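Working notes, beginning with the structure itself.
The values are calculated or read from the model by the stated rules, or taken from the named source; none is laboratory data. Because the structure is a prediction, the values reported are computed rather than measured. We place every Cβ from the backbone using ideal geometry, glycine too, and count neighbours over all the protein chains shown. These accessible areas exclude ligands, DNA and RNA; they are computed on the full protein's heavy atoms, side chains included. Shrake-Rupley method; radii C 1.70, N 1.55, O 1.52, S 1.80 Å.
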Amino acid sequence: MRQVARKQFILWTENYPQQSGMTPDYHTHTNYSDGISSHHSYLNQASYACIDELGFSDHFSILDSKWSVKAEEIQQMQNHILTIKNMEELPVRIRFGAEIDFIPGQEKNIQALIQNLPLDYVIGSVHFLNSWNFDTDPQNFEGRNIDELYDQYFNIVRRSINSKLYDIIGHIDLIKKFGHYPCHDPSRWHKKLIRSLKQTNSVVEVNTSGLNKPCKEFYPDANFITLCFHSNIPVTLGSDAHEANQIGQYFPLAKEVLKKIGYRQVATFHKRIRKMEAL
Ligand SMILES: [Zn+2]
Ligand SMILES: [Zn+2]
């Protein structure tokens with residue numbers, strides 16, 4: 001496993017110079033939610049992938065979803081992360097995060113869920129349009145008006161930002177995942193999101209997993225990241241790894257894109273306090 005991961009890492013980095021500056025990976029899923037690797041596997045892999053700060057961000061949901069951490073396992077998982085955090089001579093800094101679904105109308109319940117966890121940061125994500133999980137069940141896209149779906153999706157994302165529940169907005173344009181695009185210029189949605197991000201002082205995640213999906217690009221795309229840069233909206237990095245060898249996937253490329261756009265800093269979090277560090 002380690003050898004395969006090392007080979008993959010060489011592939012990602014061979015065309016890029018050695019990474020400099022801070023490299024956090026704040027979006028990873030372990031076998032407590034829908035990932036297949038343990039916390040320790042991620043920890044072992046992190047230094048191969050040149051990660052400086054590793055954030056565990058398993059799914060938590062107020063919905064009864066099969067991919068979220070089970071209520072009866074939350075305490076055990078929490079103890080596990082705190083034990084790792086207290087280990088001596090760790091190769092990377094560890095952060096306790098969570099990816100929490102935004103469900104319109106459930107803000108108070110989400111707030112209660114967040115308050116019960118000793119988190120360093122919270123990623124807010126939209127995976128549902130009403131009861132349809134468009135992230136894992138793509139069939140419903142067929143025959144639908146894609147412009148309307150984009151409208152619906154970005155309205156919910158905007159509500160998630162305006163809720164101020166979250167530190168980081170996850171895969172902000174996930175609706176493109178399966179390669180369905182609207183007829184209209186998406187900038188009308190983007191401008192509204194930028195306004196909300198700015199007003200709420202939110203951080204946007206550059207989620208590299210989109211390169212493996214039919215859309216074949218980061219979430220969000222370079223145009224949106226450029227809009228964020230010109231509005232002084234901070235970014236951080238997430239691989240959305242579901243197994244340890246995906247940690248830091250495409251990060252050399254992501255850092256190069258960010259630097260070309262003009263970013264010189266990346267956001268990190270400790271106990272929900274943001275710190276900007278050299279990229
Ligand atoms: Zn997600
Ligand atoms: Zn995720």
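Along the charge dipole of the stretch 2-278, pointing to its positive end and built from +1/-1 on Cβ of Lys, Arg, Asp and Glu, which listed residue (Ser57, Pro220, Phe178) has its Cα farthest out? Result: Pro220. Solvent-accessible area per residue in the chain equals 46 Å², computed with a 1.4 angstrom probe and all protein chains kept.
Remark: the stretch 220-269 carries a charge dipole of roughly 300 debye about the Cα centre, counting +1 on each Lys and Arg Cβ and -1 on each Asp and Glu Cβ. So for the chain: antiparallel DSSP bridges make up what percent, rounded to the nearest 5? Rounded to the nearest five, the antiparallel share is 30 percent.
Filter the cross-link list Lys85/Lys216; Lys191/Lys216; Lys66/Lys255; Lys85/Lys176 down to pairs whose alpha-carbon distance in this structure exceeds 28 Å. As for pairs spanning more than 28 Å Cα to Cα, those are Lys85/Lys216; Lys66/Lys255; Lys85/Lys176. Building the convex hull from the alpha-carbon atoms of the stretch 2-278 and averaging its projection over directions returns 13.9 nm².
Here the relative contact order of the chain, from alpha carbon pairs under 8 Å that lie six or more residues apart, stands at 23 percent.
The sum of -39500 (n - 2.57) across all DSSP H runs of n ≥ 4, divided by the residue count of the chain, sets its helix-only mean residue ellipticity at 222 nm to -10000 deg cm²/dmol. Taking a sphere under 15 Å around the Cβ of Cys183 and counting the other residues whose Cβ falls inside, with K and R at +1 and D and E at -1, yields a net charge of -1. Taking other residues whose beta carbon is less than 14 angstrom from the beta carbon of Asn212, and scoring Lys, Arg as +1 and Asp, Glu as -1, yields 0.
Using a simple charge model, +1 on the beta-carbon of Lys and Arg, -1 on the beta-carbon of Asp and Glu, nothing else, what dipole does the chain show about its Cα centre, in debye to the nearest 20?
Dipole about the Cα centre, nearest 20: 820 debye.
Just how many % of Cα pairs in the stretch 203-248 lie over 18 Å apart, if you round to the nearest whole percent? It works out to 31 percent of all Cα pairs.
Only protein atoms count toward the accessible area here, which uses a 1.4 Å probe; on the stretch 2-278, the carbon and sulfur part of that area reaches 48 percent. Of the peptides 122-131, 163-172, the order by per-residue mean of other Cβ atoms within 10 Å, starting with the highest, comes out as 163-172, 122-131. Here r is the Cβ-Cβ distance between Glu148 and Ala112 and R0 is 25 Å; the resulting FRET efficiency, rounded to 0.05, is 0.15. GNM on the chain, alpha-carbon springs under 10 angstrom: the most fluctuating residue among Gly210, Gly35, Gly143 is Gly143. The residue list Ser37, Ala241, Ser47 was ranked by how far each Cα lies along the charge dipole of the chain toward its positive end, using unit charges on Cβ atoms, and Ser47 comes out on top. Taking label points 7 Å from Cα along the Cα-to-Cβ direction, Ser65 and Asp185 give a separation of 3.3 nm.
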